[in-house]
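The values are calculated or read from the model by the stated rules, or taken from the named source; none is laboratory data. Nothing here was measured: the structure is a model prediction, and the numbers come from that model. Glycine also receives a Cβ, built like all others from the backbone with ideal geometry; neighbour counts cover every protein chain displayed. Keep in mind that these areas ignore ligands, DNA and RNA; they rest on the heavy atoms of the full protein, side chains included. Shrake-Rupley method; radii C 1.70, N 1.55, O 1.52, S 1.80 Å.
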Amino acid sequence: MCAENDRLAKMKKYVVKVFEECVKSVSPRNIVRNTLRFDSKKLYVNDDSSAYSVLGDVYVVGFGKAVLNMALEVENVLNGRLKEAVVSVPFGTRRPSLLENSRVCVMEAAKNNMPDKQSVENTDRITSTLARLGRHDLLIVLISGGGSALLCSPTVPLRDKILATNLLSSGGASIEQLNTVRKALSRVKGGRLIGLVQEECTVISLILSDVVGDPLTAIASGPTVPNEDPDYLPIGIVDRFGLRDKMPKTVVDALLRNESFNGTLARFDRVHNHVIGNNVVALLAGVEYVSRDFKAVLLTSSLRGDVALVSKFYSDLVEYVCGLYTGVMDEKRKDQLKITSSSIVSGSGVDVEGLTNSVVEASSEGRGLCILSGGEPTVMVQGSGLGGRNQELALRVALALGVARRRDDRFDVLFFSGGTDGIDGPTDACGAFGYPALEDVALSRGLDPSQYVDNNDSYGFYSSFDCGGDDLLKIGHTGTNVMDLHFLIIKPK
């Protein structure tokens with residue numbers, strides 16, 4: 001047992017290192033530095049494929065978990081041409097040392113990733129900055145995950161908008177559905193921010209995506225792109241979850257009279273949106289790192305859906321892979337993986353055939369397997385506990401692995417799920433580990449993980465169980481955000 005514990009401890013340290021490498025690859029400063037070039041007359045984006053003349057002053061506004069470092073690097077690239085930068089970031093964001101003459105103004109808001117009074121005040125400051133732009137000025141808009149909570153100018157009382165968002169989120173609404181409703185309740189989302197900018201001013205937005213598939217209308221609720229949602233869609237989403245009677249009257253009334261801002265009041269042809277970083281960038285960095293030690297498989301960057309279904313997919317995946325290592329081709333489980341993945345992965349699901357070939361190759365070479373995935377599952381909240389989707393997913397996977405372990409204990413298996421922003425839900429953890437022995441160890445200490453899952457209290461469980469401090473990962477705000485990363489290591493003992 002001691003040898004198994006030692007192996008598990010080493011695997012955890014290894015996974016943390018992989019996670020750190022992935023997060024480093026989407027460091028805002030690195031990405032901006034590799035994206036922009038300035039020669040005093042023109043600003044070039046993405047290997048000079050796009051060039052923008054700089055005739056007047058350059059202004060920067062930003063909102064999101066990564067925009068502070070994005071703004072500082074933009075200031076560095078512009079080499080003295082930045083007139084003013086105003087960015088809204090979460091409370092507790094790590095602040096690098098600002099140069100004495102820096103033009104970057106940093107404002108904090110959105111504690112626990114929820115819009116608040118400071119979010120509204122920060123947005124007022126941003127919109128007042130936009131009002132000062134002249135026709136020849138250049139505006140750079142920095143957008144990253146968390147932007148929806150940090151750019152907030154609601155058309156209803158703020159408390160009513162927060163209640164509406166919480167009701168939808170607890171009901172299992174996707175990020176796209178949440179943002180559709182948010183846009184309908186905002187003066188700045190859904191392209192309306194562009195309506196506040198001088199019509200002849202060029203606008204460049206640099207985006208770190210935290211949404212599956214990088215849809216521009218969904219990232220931070222699409223403040224710089226036309227809103228193409230049908231006017232009836234927001235109230236339709238509320239009705240789909242059966243929440244109209246629970247919604248504040250102000251919200252229902254606003255959604256019923258909703259009219260999308262589709263570009264008739266602003267010229268979007270002078271707006272240029274560039275996605276400069278996303279989940280794929282982070283995952284590829286992870287693949288490069290683990291390939292030295294394991295057979296690496298990039299499964300998908302588009303995982304979504306309820307964590308209960310996602311955890312079932314991962315547990316079935318482990319049993320299928322372990323079977324392949326022992327020479328057993330379980331066609332029934334293989335078909336089930338294809339069916340399940342098609343409902344939790346955008347597109348046509350995962351490439352199960354390719355995965356199968358990789359496992360057979362790893363087995364023939366005597367190598368372990370490391371599967372990497374990314375995305376953003378959701379949690380259907382039914383309990384009163386504290387947690388986040390990453391911790392609940394890890395705990396659910398651990399419970400399923402424990403059942404499989406009692407049938408076959410010939411493999412070391414470790415699962416990790418973590419948010420690249422460093423914060424999982426309203427907690428100070430970014431994620432957690434799940435492994436086959438977790439449930440038995442917890443029960444021996446008087447903790448029943450199943451009860452914690454039923455109460456959506458994964459953080460409560462890990463906080464009580466995590467005596468050694470290595471099952472719950474706490475790293476603080478990372479200053480970036482490209483959704484979640486999942487790592488699954490399977491090694492024959």
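How high is the relative contact order of the range 34-161, in percent, counting Cα pairs under 8 Å that sit 6 or more residues apart? Intermediate results must be reported in sequence, preceding the final value.
Numbers: 240 pairs, mean separation 37.1, N = 128.
29 percent.
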Sum of -39500 (n - 2.57) over DSSP H runs of 4+, divided by residues of the chain (222 nm, nearest 500): -12500 deg cm²/dmol
Value of relative contact order over the range 381-436, rounded to a whole percent, pairs C-alpha under 8 Å and six or more apart: 48 percent
Ellipsoid semi-axes in whole angstrom, largest first, where each is sqrt(5λ) of the Cα gyration tensor of the range 21-66: 23, 15, 7
Antiparallel DSSP beta bridges within the range 1-160, as percent of all bridges there, nearest 5: 30 percent
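If you wrap the range 101-142's Cα atoms in a convex hull and average its projection over all directions, what's the area in nm²?
Computed as one quarter of the Cα hull surface, the answer is 4.0 nm².
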Neighbourhood charge, 12 Å Cβ-Cβ cut-off, centred on GLY323 and excluding it, Lys, Arg +1 and Asp, Glu -1: 0
Spin-label pair HIS272/ASN79, simplified geometry with 7 Å Cα→Cβ offset, distance in nm: 1.9 nm
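Sorted by mean Cβ packing within 10 Å, highest first, what order do the peptides 210-219, 41-50 take? Could the numbers behind the result be given before it?
Numbers: 210-219: 22.1, 41-50: 13.2.
The packing order, highest mean first, is 210-219, 41-50.
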Environment charge of GLY387, counting only residues whose C-beta is closer than 13 Å and scoring Lys/Arg +1, Asp/Glu -1: -3
Formal net charge of residues neighbouring GLY134 (Cβ-Cβ distance under 11 Å; K, R +1; D, E -1): 0
Kirkwood hydrodynamic radius over Cα pairs of the range 37-150, then Stokes diffusion coefficient at 25 °C and 0.890 mPa s, in µm²/s: 169 µm²/s
Additional length obtainable on full extension of the chain from ALA51 to ARG33, 0.36 nm per residue less Cα span: 4.9 nm
Antiparallel content of DSSP bridges confined to the chain, in %, to 5: 45 percent
Equivalent ellipsoid dimensions for the range 366-463 as semi-axes, Å, which come from the Cα gyration tensor, largest first: 22, 18, 10
Helix 175-184 vs. the chain, principal-axis angle (Cα, 0 to 90°, nearest 10): 20 degrees
Listed residues ASP471, ASP330 arranged by accessible area, highest first, probe 1.4 Å: ASP330, ASP471
Solvent exposure ordering (accessible area, 1.4 Å, most first) of HIS486, HIS274, HIS477, HIS136: HIS136, HIS477, HIS274, HIS486
Degrees separating the helix 158-170 axis from the principal Cα axis of the chain, which is the longest one: 30 degrees
Cα-only Debye scattering, the range 416-493: base-10 log of I(q)/I(0) at q = 0.24, 0.26 Å⁻¹: -1.19, -1.28
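Where does the range 438-477 land on Rg/Rh, using Cα atoms and the Kirkwood Rh?
With Rg and the Kirkwood Rh in hand, the quotient comes to 0.99.
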FRET efficiency for ASP466 and GLU361, using Cβ-Cβ distance with R0 set to 35 Å, rounded to 0.05: 0.45
Flagged links, alpha-carbon separation over 29 Å, of LYS12/LYS189; LYS65/LYS491; LYS12/LYS312: LYS12/LYS189; LYS65/LYS491
Relative contact order of the chain, defined on C-alpha pairs under 8 angstrom at six or more residues apart (%): 15 percent
Label-to-label distance, nm, for residues given as SER128 and GLU331 (7 Å Cα→Cβ offset): 7.1 nm
Quarter of the Cα convex hull surface for the range 153-262, i.e. its orientation-mean projected area (nm²): 6.9 nm²
Helix axis angle, 389-405 relative to the chain longest principal axis, alpha carbon, degrees: 10 degrees
Tail weight of P(r) past 15 Å, computed on alpha-carbon pairs of the range 315-397, percent: 64 percent
Debye equation applied to the C-alpha atoms of the range 238-359, log10 I(q)/I(0) at 0.14 Å⁻¹: -0.83
